[in-house]
Amino acid sequence: MHSYSSIKDFKQCPALYYEKRVAKSVKFVQSPEAQRGERIHKAFEDYVGAGVPLPEELLRFEPLVYDLAQMDGVKLTEHPMAIDYAGNFVPYHDPAVAKPKPWDVNKDAMLGGIADLVALNEAPIAIYIDYKTGKGKYPDLEQCELMAYMIMAEHEWVNRVDTGLLFVDAGKLIERSYLRSEMPEIIERWRVQVARIETAKATNVWQRKPNNLCGWCPVTHCPDWVDRNG
């Protein structure tokens with residue numbers, strides 16, 4: 001199963017994708033920033049989904065998520081979704097596994113993802129929110145596009161998805177709406193990106209793509225790696 005993050009890795013650099021996701025030569029080390037982001041996500045999930053008060057150190061963020069917690073209807077937190085190669089909704093986890101672990105994903109799925117928050121009611125409009133740390137200087141709405149497609153694939157009565165990237169440190173929400181009529185062109189864009197990865201796998205050709213992110217790349221044995229501290 002492919003995902004927004006795996007496709008993002010490939011677009012940044014096919015060689016990075018290979019080292020991280022095929023050769024697995026890069027040891028995963030969670031940075032302090034990522035650990036903080038995980039704590040914030042969990043706190044928001046509990047607050048919006050179950051009414052659990054935010055911990056004291058995160059109370060300053062309550063105005064950002066209060067209205068989300070008060071929304072009517074069903075609020076799905078950490079909601080897994082997936083689609084197959086035809087663009088149809090399928091289970092995210094392997095349906096043959098009774099109690100799947102996070103890594104027991106559906107092998108028939110083309111793309112999958114886990115939504116921070118999906119809000120549904122009887123209206124044909126759904127809401128999708130993704131929590132982000134950082135300042136949001138360069139927001140990437142491709143994730144919103146993919147999640148909006150999967151929400152409409154799962155819920156046939158939804159004709160529009162209002163999406164938002166909530167940058168908590170900056171206190172701002174980057175919004176974009178997607179319509180059911182846009183679904184054919186959306187899925188075609190993602191099929192093209194998936195096809196590029198699968199072609200690289202089939203040919204075992206993983207080109208290096210030097211760019212301004214090389215200084216933050218974990219593949220330090222790459223000839224194009226840059227020591228940003230040196």
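Given axes a ≥ b ≥ c from the Cα gyration tensor, I'd like to know whether the stretch 33-181 is rounded (a/c under 1.5), prolate (a/b larger than b/c) or oblate. Prolate, because a/c is 1.5 or more and a/b exceeds b/c. Counting charges near LEU117 (Lys, Arg +1; Asp, Glu -1) among other residues having Cβ under 9 Å from its Cβ returns a value of -3.
Taking only DSSP H segments of four or more residues, each worth -39500 (n - 2.57), what value at 222 nm results for the chain once the sum is divided by all its residues, to the nearest 500 deg cm²/dmol? Before the final figure, lay out each step's value.
Values: 6 runs with 74 residues, N = 230.
Taking each H run of at least 4 residues, the total per residue is -10000 deg cm²/dmol.
Take the alpha carbon gyration tensor of the stretch 98-149, find the square roots of its eigenvalues, order them as a ≥ b ≥ c, and report rounded if a/c is under 1.5; if not, report prolate when a/b exceeds b/c, else oblate.
Details: a/c = 1.98, a/b = 1.31, b/c = 1.51.
It comes out oblate by the Cα gyration axes.
Among GLY87, GLY37, GLY73, the residue with the largest mean-square fluctuation in a Gaussian network model of the chain, with springs joining Cα atoms closer than 10 Å, is GLY73. Accessible surface for the chain, divided over its residues, is 57 Å² per residue with a 1.4 Å probe. If you take the Cα centroid of the stretch 88-167 and the Cα centroid of the stretch 7-78, the two points sit 13 Å apart. Cα to Cα, under 20 Å, and not fewer than 8 places away if on the same chain: which lysines meet these conditions relative to LYS99? Excluding near neighbours in sequence, the set is LYS107.
In a Gaussian network model over the chain where Cα atoms closer than 10 Å are linked, find which of PRO14, PRO53, PRO32 has the largest mean-square fluctuation. Per the Cα network of the chain with a 10 Å cutoff, PRO32 tops the list. Of all aspartates and glutamates in the structure, the ones whose alpha carbon falls short of 12 Å from that of LYS209, not counting any fewer than 8 places away in one chain, are ASP9, ASP224.
Looking at the chain alone, DSSP beta bridges between its own residues are antiparallel in about 70 percent of cases.
Here is the link list: LYS20/LYS201; LYS20/LYS132; LYS137/LYS172. Which ones come out longer than 19 Å on Cα distance?
On the way: LYS20/LYS201 13 Å; LYS20/LYS132 23 Å; LYS137/LYS172 11 Å.
Table pairs above 19 Å Cα-Cα are LYS20/LYS132.
Classify the stretch 175-230 as rounded, prolate or oblate, taking a ≥ b ≥ c as the square roots of the eigenvalues of its Cα gyration tensor: rounded when a/c is under 1.5, otherwise prolate if a/b is larger than b/c and oblate if not. Judged from the Cα gyration tensor, the stretch 175-230 comes out oblate (a/c at least 1.5, b/c at or above a/b).
Determine, at each q value in 0.13, 0.19 (inverse angstroms), the log₁₀ of I(q)/I(0) that the Debye formula gives when each Cα of the stretch 112-201 is one equal point scatterer. One equal scatterer on each Cα of the stretch 112-201 leads to -0.47, -0.88.
Under the criterion of Cα pairs below 8 Å and six or more residues apart, the relative contact order for the chain equals 20 percent. Note on the stretch 1-108: Rg/Rh from C-alpha atoms, Kirkwood Rh, equals 1.03. For the options MET152, MET110, MET71, a Gaussian network treatment of the chain with springs between C-alpha atoms closer than 10 Å singles out MET71 as fluctuating the most. Surface composition of the chain: carbon plus sulfur atoms hold 53% of the accessible area, using a 1.4 angstrom probe and ignoring ligands, DNA and RNA.
The values are calculated or read from the model by the stated rules, or taken from the named source; none is laboratory data. Keep in mind it's a predicted model, so treat the numbers as computed, not measured. Here the Cβ is made from the backbone with ideal geometry for all residues, glycine too, and neighbour counts use every protein chain on show. These accessible areas exclude ligands, DNA and RNA; they are computed on the full protein's heavy atoms, side chains included. Shrake-Rupley method; radii C 1.70, N 1.55, O 1.52, S 1.80 Å.
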